[in-house]
1. Identify, by number, the condition in (1) among the hydrophobic types (A, V, I, L, M, F, W, C); (2) modelled with pLDDT of 80 or more; (3) part of a helix (DSSP H, G or I) that Ile25 doesn't meet.
2. Which condition breaks for Asn191 when tested against (1) modelled with pLDDT under 80; (2) surrounded by fewer than 17 Cβ atoms within 10 Å (Cβ to Cβ); (3) in the same structural domain as Ser34 (by TED's automatic domain parsing); (4) of a type outside the set (D, E, K, R)?
3. How many residues does segment 151-167 contain that are buried (at least 20 other Cβ atoms within 10 Å of the Cβ) and part of a helix (DSSP H, G or I)?
4. Exactly one of (1) more than 30 Å from Ile67 (Cβ to Cβ); (2) out of contact with any Lys or Arg (no Cβ under 7 Å at 6 or more places or on another chain); (3) surrounded by fewer than 19 Cβ atoms within 10 Å (Cβ to Cβ) is unmet by Ile278. Its number?
5. Among the numbered criteria (1) touching a helix residue (DSSP H, G or I) at 6+ places or on another chain (Cβ under 8 Å); (2) closer than 29 Å to Pro95 by Cβ, which single criterion is violated by Leu181?
6. Specify which of the listed residues (Thr85, Thr111) is assigned by TED's automatic domain parsing to the domain that holds Leu301, assigned to a helix (DSSP H, G or I) and farther than 28 Å from Asp198 by Cα.
7. With the checklist (1) under 16 Å from Leu146 (Cβ atoms); (2) crowded, with 18+ Cβ neighbours inside 10 Å in hand, flag the one item Val355 doesn't pass.
Amino acid sequence: MQWTKHQFSLIAIVAITSFMGTFLISSVNIALPSIEKSLHLDAITLSWVITSFLLSTAIFLLPIGRIGDNTGVARVFKLGIIIFTLASAACSMAPSGMWLIVFRFIQGIGTAFTSTTGPAILVAAFSAKQRGKVLGIAVSAVYLGLAIGPFAGGFLTQFAGWRSIFYVSTLLGIITAIVTLIFLKRDKISNAQNKEFDFRGAIFYMLGLTAMVYGSSLIPNTLGWALMAAGALFIIGFWMHENKTHSPILDTQLFTRNRLFRYSNLAALINYSATFAIIFLLSLYLQKVKALTPREAGTILIAQPIMMAIFSPIAGKLSDKIQPRYIATLGMAMCTVGLAFFTFINTETPMWSIVAILLWVGLGFAFFSSPNMNTIMSSVEKSQYGLASGTAATMRVVGQITSMTIATLFFASIIGKVTIDNVATETFIFAVKWSFAVFTVISIAGIYFSYDRGKIIRE
C-alpha cells in the first residue's frame, strides 16, 4: 500500500521532533563535565541538569495525553514545539547552574507535549498492519538523535563551548515549527462525551513524582527519606483517586483489566530504568578515568545508539509479522547481559570492550523498543491512542528518571557534594559499579514481564 503525501509529512514531523529531544539529552550528557567547570556545580547538582528535564517531561506526559484526547493532539503538538524552542534559546543564555536547571525544566514541558501526541498522530493516520513499521521509523529517529548527540555534542563542546548545543537545538526547533505549521492539519472535532480534566489527580501525580525525585538527591539526610516517603504516599493516593474518578488522566482499568497493556508498560518502565543512565555514567567515566576529550568520549558512546537507529525499523517490521513479545524478550535479555558485563568496569577496562558491550546493548534495546511500542498501541481502542501513547511515554521517562535517581543515590551516598574532578578514581568507580549491579537486577525482572504479557490480536 502506497503512502500519501500527507502520511509522509506526518512521519517526517514526528521523526524530527523525536530526534530533537534525544539529540539534546545525549549531547548534554557529553557536555556535563564542561558545564560542571563553567558553572561550578557539584556532582549531585550536575545530575539535575539531566534530571530536571526528565522530571518535567514525566509529570506533564499523562495530563497532556488526556488533554490531547479531549482538545486535539495536533494543537498540543504544535504548542509543544514552540515551548521547546523558546526554552532552548533560554538555556543557551543561562547565567548560572540554577537558571540552566529551570530552563531545562521548561524545555522538558515542551518535550512532553510532543512526545505524548506524536505516536497518537501516527497510529491514527496508518492502518494496524503498518503500525510496527511506522512506529519503528519514529523510534529509529529517537535513536538517531541518541547516536548523533554524543559525537555532535562532544565536537560542539570541545570547539564552540557547551552553550552551542542549545544554539543548535534552537535552530532545529525553529525549522521544525515552520514545517509543522505548514503540514500538520488541524484536528477534527472530538466526539468524546467526557471532556472533564482531573486536576486533583494531576496534582497528586506531580507532587508525588517531584517529591520522590528531589528527595533522592538529598539522601542520606533525613529530609531526603521523608520526601521520598511523602512522594510514595502521593503516588498511592493518585492511583486510588484514579480508580474512583469518572474522568481519570490515567485509566487504571487499562492496567487492571488489560494484561497486554499492563505488562508491556511495565517492561518499558523496567527497560528504561535499567539502561538510561549508561550514557550518563560512561560519559563521566571516559572523561575522568580514561582522560578522553568530549569529542573522543562522544565517538565511543555513539556505538550504542547507532545500533538502535539501524535495527529499530527492522525490529518494528518483524513485529508486524510475528508476535512482538518474542523479539522484545530477546532484546531485554541482551540488555541484561550487557549490564552484567558493565559491573566489572575498572581503570584497566580496554576501550574495545566498552565499545563491544555498547554495541550489544544497543542491539538489544532496538529489538525491545519498537515491538514493545507496537504491542502497547495495538492493545487499546482508537479513542485511547492519546492516552496509550502518553502512558507509554510516561513509562519511558519515569524509567529514565528512575535510572538517574539510582545513579544519584549512589553519588549522594558514596561521593557526596563534591565535584567529579575532586573525587578519588576508586571511589567514583565503586559508585559506577554499584549502579550497574542494581540495573542488572532490575533488568532481569523485565525479562519476565516482556515474555509473559501474552499475544496481540491483529485486525
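The values are calculated or read from the model by the stated rules, or taken from the named source; none is laboratory data. In this text, all values refer to a predicted model and were calculated from it rather than measured experimentally. FYI the Cβ positions are ideal-geometry reconstructions off the backbone, even for glycines, and counts take in every protein chain you see.
1. Only one criterion in (1) among the hydrophobic types (A, V, I, L, M, F, W, C); (2) modelled with pLDDT of 80 or more; (3) part of a helix (DSSP H, G or I) is unmet by Ile25, namely (2).
2. Exception for Asn191: condition (3).
3. Residues flagged as buried (at least 20 other Cβ atoms within 10 Å of the Cβ) and part of a helix (DSSP H, G or I) within segment 151-167 amount to 8.
4. Here Ile278 clears every test but (3).
5. Answer for Leu181: the failing condition is (2).
6. That would be Thr85, the only listed residue that is assigned by TED's automatic domain parsing to the domain that holds Leu301, assigned to a helix (DSSP H, G or I) and farther than 28 Å from Asp198 by Cα.
7. Unmet condition: (2).
So that you can scan it fast, the table gives a plain yes or no per residue for (1) over 25 Å from Ile16 (Cβ atoms); (2) small (Gly, Ala, Ser); (3) touching a residue at least 24 places away in the same chain (Cβ under 8 Å); (4) in contact with a His (Cβ under 6 Å, 6 or more places away or on another chain):
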site	(1), (2), (3), (4)
Val49	no, no, yes, no
Leu55	no, no, yes, no
Pro63	no, no, yes, no
Gly80	no, yes, yes, no
Ala89	no, yes, yes, no
Trp99	yes, no, no, no
Val102	yes, no, yes, no
